[in-house]
1. Can you go through Lys120, Lys110 and tell me which one is at pLDDT below 85, in a helix (DSSP H, G or I) and either closer than 21 Å to Gln29 by Cβ or out of contact with any His (no Cβ under 7 Å at 6 or more places or on another chain) (or both)?
2. Tell me which residues, restricted to the range 5-23, are open to solvent by less than 70 Å² (accessible area, probe 1.4 Å) and within 16 Å of Lys50 (Cβ to Cβ).
3. Out of (1) part of a loop (DSSP other than H, G, I, E, B); (2) touching a helix residue (DSSP H, G or I) at 6+ places or on another chain (Cβ under 7 Å); (3) farther than 18 Å from Leu7 by Cα, the odd one out for Val43 is which?
4. Taking the condition open to solvent by less than 60 Å² (accessible area, probe 1.4 Å) and either charged (D, E, K, R) or in contact with a strand residue (DSSP E or B) (Cβ under 9 Å, 6 or more places away or on another chain) (or both), does Glu119 pass?
5. Name the pairs: first residue in the range 24-48 and open to solvent by less than 80 Å² (accessible area, probe 1.4 Å), second residue β-branched (Val, Ile, Thr), Cβ to Cβ under 9 Å, at least 6 apart or on different chains?
6. Which numbered condition trips up Ala53, out of (1) on the phi < 0 side of the Ramachandran plot; (2) modelled with pLDDT under 95; (3) out of contact with any strand residue (DSSP E or B) (no Cβ under 7 Å at 6 or more places or on another chain)?
7. Give the range 13-40 a look and list any residue that's within 9 Å of the chain's Cα centre (by Cα) and part of a loop (DSSP other than H, G, I, E, B), or say none.
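The values are calculated or read from the model by the stated rules, or taken from the named source; none is laboratory data. Model, not experiment: these values are computed from the prediction. Cβ sites come from the backbone with ideal geometry, for glycine too, and all protein chains shown count toward neighbours. Keep in mind that these areas ignore ligands, DNA and RNA; they rest on the heavy atoms of the full protein, side chains included. Shrake-Rupley method; radii C 1.70, N 1.55, O 1.52, S 1.80 Å.
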Amino acid sequence: MEDNARLMLTCGHHTAPKWDEEKVRELAQYFQELEYLFRDCRVNDDRQKKDYAVHYLTYDTGEMWMSVKEYEGEFTPTATHDKPEPTARAYTYEEWKAEIFKLYPGSESKDRYTRNDLEKLIADFLSKGTPSRASFSQYHREFQKIVKWLVDN
């Protein structure tokens, strides 16, 4: 049987997953793109998933994500008669990912938009004076997106 698994992309490849830390709301999309790639490349191991998630980030962001205890796991220093050696608690990729989202308020879908976001959008639009067709269209799209999310949630 032929194996059709793709290879994971190199860091910096033009189609590799990317995330800008300034765009917190796009964190979920970064993980979604990674997980599509994991499926295509048949990456199933939790540790490999964590390593690849960090691989595509800037050095500083990657270093911070690796410092989260769920990345490596934690050691339990207690020894018992049955287990004379300390034991390690391995965390899953999903547990680690949940901790990463906690580092970025506003990154989880439940925090996507607030009433303040809508008020700011309106105030910014009104402060610009008479709008062009293009700027009004941009405002309308942003307004619709925020209002729909607020009504639905």
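1. Going through Lys120, Lys110 in turn, the sole match is Lys110.
2. Those that are open to solvent by less than 70 Å² (accessible area, probe 1.4 Å) and within 16 Å of Lys50 (Cβ to Cβ): Met8, Pro17, Trp19.
3. (3)
4. no
5. Listed pairs, sorted by first residue: Leu27/Ile100; Phe31/Ile100; Leu37/Val43; Asp46/Thr92.
6. Of everything listed in (1) on the phi < 0 side of the Ramachandran plot; (2) modelled with pLDDT under 95; (3) out of contact with any strand residue (DSSP E or B) (no Cβ under 7 Å at 6 or more places or on another chain), Ala53 misses just condition (2).
7. Once the filter is applied, which keeps residues that are within 9 Å of the chain's Cα centre (by Cα) and part of a loop (DSSP other than H, G, I, E, B), the range 13-40 yields only Trp19.
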